[in-house]
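Scroll down for the structure; my scribbles are underneath it.
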Amino acid sequence: MTDAIQHRGPDDEGYFIDKNVGLGFRRLSIIDLNTGHQPLSNIDGSIHIVFNGEIYNFIEQRDILKQKRYSFRTATDTEVILHLYEEYGVDCLQYLRGMFAFAIWDSKKKQLFCARDRFGIKPFFYYTDKQKFAFGSEIKAILGCTDIDRTFSKEAMDSYFAFGYITSDLSIYRNVKKLQPGHYLLLSLKDKVSIEIKRYWEIHFEPDFSKSENQWIDEIESCLSETIRMHMISDVPLGAFLSGGIDSSSVVSMMARNSNLPIKTFSIGFKEKKYNELGYAREVSAKYGCEHHEQIIEPDTVSLLPALVRGYDEPFADSSAIPTYLVSKFAREHVTVVLSGDGGDELFAGYDIHSYLFNISKVASSIPVFNKFFWGNIHKLIPQNIAGKGLSYLLAQNKDFLGANLCIWPKYERNKLILNDHRNINSELLKEAILKKGGNNDFITNLQYLDLQTYLVDDILTKVDRASMMNSLEVRVPLLDHVFAELTFKIPWSLKLKGKSQKYIFRKTMSPYLPQSVITHQKQGFQIPLTAWFKEELKQYMHDTLLTRKPFFSEFLDKKYVQEFVTKSQSGMRDFSPRIWSLLFFEEWLKQNRTF
């Protein structure tokens, strides 16, 4: 099991075995390089821990524990968690500020205590049946255990084709689950075996209208500076991803203000100007005297697909995994730790889809019933490959924002795509339930809540974790420090999306520290030019993979529908590259994992 994830920890390995309980660990040395071996035990050896992540307030907590007469044999944050558990039990989670996934075996209580950080920055998978409980940082570690049931999950496959990733607690294997962010799991082996899962932290948007714009700016700047300073603690070389967008640029600017040495920055670009933000990254790096490094990505990087499939363990259709992998590999040549700007769009309503859906919701809510009947007929006449299809669907129904706008393959298309025997078309229901659970009076805040619960953890953070750890690189996410995030939850949404200005209050906060071009330029995102590549350099590759006589996907998907779709997509007006990529990834995944 630990051999399967050696890339996550190439520096050391360790094991603890006690009768029917075993803990294994692979270490990437970041803090206390000499005495940080795991599994780590307490003084009397009754409690053992394996821990992946970083606790940024561990020095403060260690000092408090010393006052309570706890002694320390290491200088690690791992030992701080162990003693906090001895002192507070499961409530130790309330004292941790950081990213983490850990398991603590308490031999006296005969209890395994597992926990995952508040936003799910670090992964935690587990498997259970009548004979065993196994867990790991990646699915491949669990599959390294003996006699694992690899039954395929219909629900997970539907989620994959709906959103491009597998959400909720699902995985592609029915009996392998994800421990959700902000949750802990207790496995008791005392008397009767039992598993209990509980939430220990929840997102609460509670807008504070009493503060002025300038007061919010002061608080954002002060809190962000503090969290970035904490995230820079390291005993190994450290740098930053710099895309040229406002989030990563803000992180770099704050790092520079908290460091006496030049910040090492790493950027990826493309020859296609539409996707290239290198110019903005260069401006930021020049302003702060950074040690800047950059690379250009070419279409032949699609050859990484088999390696990415092995790295992600299950279908994952976000093609930006390619540049994320490459920038991680590039950075690892110089540093062991980088800070990223992930989370800013979720906290400050920075996605284009936020303003787009907000405007549509206002239009749709004002449409009379007879107009909905009119639009229903218009909707039936619009071809599937025309961009107005999603809007017409919304106007006709005045509902299903998610199906019309957030899905790669909408529900009516998945019904055609997935064969009857493997069909479970319900993924939108989960997102609709989460959107309603947001419980806020404003649409934008509910969309933020939805993104934080699904897209952020199951796409963005998953993408970055796997791509970086494939290269033994630790990525830290200071904008998702829960103290900073909870501050942003109090900011009224009208200061986040103001007119056409996305992330308004964050841009105002950072405007004194960043080039004006970075503050004002339109968000591009970390995407690759698949549309152009599929029409040119990768056209033959796409045809050879998906239009073969007997593709692997034909067991699950309608071969004729796929091949008709691929052929039509070449001449269509809309951009179908995300759907093509989802098919290519799924085909390669089946090729590597067709043993179930």
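The values are calculated or read from the model by the stated rules, or taken from the named source; none is laboratory data. These figures come from a predicted structure and were not determined experimentally. FYI the Cβ positions are ideal-geometry reconstructions off the backbone, even for glycines, and counts take in every protein chain you see.
Brief remarks on what is shown
- Matching entry among Ser285, Ser250 (being polar (S, T, N, Q), closer than 19 Å to Thr520 by Cβ, part of a helix (DSSP H, G or I) and touching a Ser or Thr at 6+ places or on another chain (Cβ under 6 Å)): Ser285
- Residues in the stretch 427-441 that are buried (at least 16 other Cβ atoms within 10 Å of the Cβ) and of a type in the set (S, T, N, Q) were compared, and the one that is nearest to Phe205 (Cα to Cα) is Asn440.
- Test for Lys192: is it basic (Lys, Arg), part of a loop (DSSP other than H, G, I, E, B) and at pLDDT below 95: yes
- Meets criteria (more than 30 Å from Leu590 (Cβ to Cβ) and not in a loop (DSSP other than H, G, I, E, B)) for Leu224: yes
- Residue within the stretch 119-142 that is in contact (Cβ under 8 Å) with a residue 60 or more places away in the chain, buried (at least 16 other Cβ atoms within 10 Å of the Cβ), of a type in the set (Ser, Thr, Tyr) and more than 15 Å from Leu187 (Cβ to Cβ) present: yes
- Considering only residues in the stretch 268-296 that are modelled with pLDDT under 95 and either among the β-branched types (Val, Ile, Thr) or within 20 Å of Val477 (Cβ to Cβ) (or both), the one that is surrounded by the fewest Cβ atoms within 10 Å (Cβ to Cβ) turns out to be Ile296.
- Set side by side, the residues Gln38, Gln6 differ, and just one is free of Cβ contacts under 8 Å to residues at least 40 places away in the same chain, of a type in the set (S, T, N, Q) and either in contact with a strand residue (DSSP E or B) (Cβ under 9 Å, 6 or more places away or on another chain) or not assigned by TED's automatic domain parsing to the domain that holds Phe135 (or both), which is Gln6.
- Residue in the stretch 20-42 that is over 28 Å from the mean Cα position of the chain (by Cα) and either crowded, with 22+ Cβ neighbours inside 10 Å or assigned to a helix (DSSP H, G or I) (or both) present: yes
Here is a yes/no grid of residues against (1) at pLDDT below 95; (2) in contact with a helix residue (DSSP H, G or I) (Cβ under 6 Å, 6 or more places away or on another chain):
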{"position": "Lys198", "(1), (2)": "no, no"}
{"position": "Trp216", "(1), (2)": "no, yes"}
{"position": "Ile233", "(1), (2)": "yes, no"}
{"position": "Phe241", "(1), (2)": "no, yes"}
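- Test: residue in the stretch 500-511 that is polar (S, T, N, Q), touching a Gly at 6+ places or on another chain (Cβ under 6 Å) and over 24 Å from Pro123 (Cα atoms): yes
- Condition check for Leu179: surrounded by fewer than 22 Cβ atoms within 10 Å (Cβ to Cβ), among the hydrophobic types (A, V, I, L, M, F, W, C) and over 15 Å from the mean Cα position of the chain (by Cα): no
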